[in-house]
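As structure tokens, the structure follows; a few thoughts come after it.
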Amino acid sequence: MPTFRGATVVDGTGGPSYRADVTVDSGRITAIGGGGGGRVVDADGLVLAPGFIDMHAHSDLQILANPDHTAKVSQGVTLEVLGQDGLSYAPVDDETLAGLRAQLAGWNDDPPGFDWDWRGVGEYLDRLDRGIAVNAAYLVPQGTVRMLVVGWAARPATESEVDRMRALVATGLAEGAVGMSSGLTYTPGMYADTDELVALCEVVGRGGGYYSPHHRSYGAGAVEAYAEVVEVSRRSGCPLHLAHATMNFPVNEGRAGELLSLLDNAIADGCDISLDTYPYLPGATYLSALLPSWATEGGLDATLARLSDPDTRERIRADIEEHGSDGCHGVPVDWSSIEINGVRRAENAHLVGKSVAASASTAGIAPADLYFATLVSERLGTSCLMHVGHEDNVRAIMRHPAHTGGSDGLLVGERPHPRAWGTFPRYLARYVRELGVLTLEDCVAHLTGRAARRLRLTDRGLVREGYAADLVLFDPDTVADTATFDEPRRPATGIPYVLVNGVPVIDDGRHTGALAGHSIRNEGV
């Protein structure tokens, strides 16, 4: 039963901080301002806040394969939302799981000897409950559902197929998923039209969940893509949470205001909208995501066959380099902005940390040829950074009152994006202490209380008596991200204590090994 004595409490509401003793017992906050006992921790000079909520995480496998989960818990995360971008590992059958393991190897790896002992959403959540370091919620992935029902075909779903997908989504919500995600630049989810998305979101809204789309473009046509998912929310009545909501690529420099006006108008009309962002400029994905959708129809083997055919490969090259493929957000690719940051085969290790353009120049070949050769060699299982962001857009969007924090962090590969280890302390260090873009109290509210409201959590996200003791204590003068693009797995500094369900997982700066987290499940309407 620890008591944190003399802490500066920033409670997650956005209201002013105050000094108090805070006592934890049996996984709950039992007293604020006195009445404590047991172990006393001197918290003078430290901020005590709710644990941070990562609204966009890609830890679906790594939280199980490496359950200590140092990347997240070391930065104060006590809850993350999995099942993002329309692609994850439940619900599945054996065939669909095999395809997903190949497609998502660049995101999550495919750990040898891993026990894939679930198929449904509820079974996956049960697996999480065997022992994880932080709490985790799950979104039903629309692309996975479409893969399970329609396969990899680039066509509209039939009425009966839509009914089957609606049933799968309803089952996932009933088994505990908090909503549904989409990846509308990823196959096969991108083959769904607006009406299909509305039909699924009707089920999500009735089941007490929210819709979190990675929409059809973050480049050319970005505002139109945002408008489509707002329309999905309007028509379905389903709450909307925009995943990694930003405006990227040269075509969108300085255009954040257009997005925010669209959202403000919809909110004024009664739409329930929130969003998340990461505080960095580059994005990250798997390298094959740049391919046009027609080139990936049919799955892994069909894609590799197209990449091995010279005529088809030339057509793909023209789409990527000249026309702007839908996989590359409608923007002709700039190979100097695409950095390979993770490979699975040792013979390709020399590509890591370099742009496709630089590696192609060294090899004396065209960038597209190096790109295709890498995809074939890696069987699509490699990842990349995309250096396409704009600082003015990042700052403008994070100020919005509907904003929350999401790392979008990939934990695998030689040089993963540092956001996986640094997102939350970077908000506090760069955008609060150094730049003053947000006040400390407002920033903590973005990262805790506002996220908890989107998840409809009635006992998390705030420092209040009776609430679950998901807590982080940090030094506001020294908290900082240390992860860099060259050294992306460096833990944060200035975060000496992290409690998950009242259990110290980081204690005086050391990971205790405690696996105190569990699944957070939708309780319906």
- State the answer as a single residue: which of Gly330, Val352, Leu287 lies farthest towards the positive end of the charge dipole of segment 283-357, with beta carbon charges of +1 for Lys and Arg and -1 for Asp and Glu, about the Cα centre. Val352
- By per-residue mean of other Cβ atoms within 10 Å, what is the highest-first order of 41-50, 16-25, 410-419? 410-419, 41-50, 16-25
- Task: Treat every Asp and Glu Cβ in segment 419-525 as -1 and every Lys and Arg Cβ as +1, leave all other atoms uncharged, and give the resulting dipole magnitude about the Cα centre to the nearest 20 debye.
- Result: 460 debye
- Length gain on complete extension for the stretch Arg315 to Arg155, per 0.36 nm per residue less the alpha carbon to alpha carbon distance? 55.5 nm
- Message: Based on the alpha-carbon set only, what is the convex hull volume of segment 392-483 divided per residue, in Å³?
- Response: 120 Å³
- Note on the structure: Mean accessible area per residue over the chain (1.4 angstrom probe, all protein chains present, square angstrom) is 33 Å²
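Asp163 to Glu391: extension gain in nm, 0.36 nm per residue of separation minus the Cα-Cα distance?
Residue separation times 0.36 nm, minus the Cα-Cα distance, leaves 77.8 nm.
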- Disulfide-incompatible cysteines by the Cβ rule (no partner under 4.7 Å) in the chain: Cys271, Cys328, Cys384, Cys443
- Between the modelled labels at Arg379 and Glu322 (7 Å from Cα along Cα→Cβ) the distance in nm is 3.3 nm
- Message: Give me the percent of accessible area attributable to carbon and sulfur for segment 75-129, probe 1.4 angstrom.
- Response: 44 percent
- Dipole moment magnitude, nearest 20 debye, segment 356-466 about Cα centre, only Lys, Arg, Asp, Glu C-beta charged: 420 debye
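Please work out how much length the chain gains when fully extended from Glu487 to Asp126, using 0.36 nm per residue of separation minus the C-alpha to C-alpha distance, in nm with one decimal.
In short, 126.5 nm is gained.
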- When the accessible area of segment 2-63 is split by element with a 1.4 Å probe, what percent falls to carbon and sulfur? 44 percent
- Query: Each label point is 7 Å from the Cα along the Cα-to-Cβ direction; what then is the distance between the points at Arg453 and Asp110, in nm?
  - Reply: 4.3 nm
- Task: Starting from the Cα of Val223, move 7 Å in the Cα-to-Cβ direction to define the label point; list residues of segment 257-280 whose amide nitrogen is under 12 Å from there.
- Result: 257-263
- Task: Which order do the peptides 196-202, 444-450, 393-399 take when ranked by the mean count of other beta-carbon atoms within 10 Å per residue, highest first?
- Result: 444-450, 196-202, 393-399
- About its Cα centre, segment 125-283 carries a charge dipole, from +1 on Lys and Arg Cβ atoms and -1 on Asp and Glu Cβ atoms, whose size in debye to the nearest 20 is 380 debye
- Query: Ignoring ligands, DNA and RNA, what percent of the 1.4 Å accessible area of segment 240-335 is carbon and sulfur?
  - Reply: 47 percent
- Sketch the reach of a paramagnetic label on Arg433 as a point 7 Å from Cα along Cα-to-Cβ, and name the residues of segment 470-494 whose backbone nitrogen lies under 18 Å away. 472-484, 490-494
- Query: Translational D (Stokes-Einstein, µm²/s) of the chain at 20 °C and 1.002 mPa s when Rh comes from the Kirkwood sum over C-alpha pairs?
  - Reply: 93 µm²/s
- Message: Can you compute the modelled spin-label distance between Tyr18 and Lys354, with each label point 7 Å from Cα toward Cβ, in nm?
- Response: 6.0 nm
- Task: Work out how far the C-alpha atoms of segment 426-525 reach from end to end along every principal axis, then list the three figures in whole Å, largest first.
- Result: 44, 33, 27
- Message: Helix-only estimate, please: 222 nm mean residue ellipticity of the chain, summing -39500 (n - 2.57) across DSSP H runs of length 4 or more and dividing by its residues, to the nearest 500.
- Response: -9000 deg cm²/dmol
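The values are calculated or read from the model by the stated rules, or taken from the named source; none is laboratory data. These numbers were taken from a predicted model, which means no experiment stands behind them. Note that we place each Cβ from the backbone using ideal geometry, even for glycine, and neighbour counts take in every protein chain shown. Note: areas computed on protein heavy atoms with side chains; ligands, DNA, RNA excluded. Shrake-Rupley method; radii C 1.70, N 1.55, O 1.52, S 1.80 Å.
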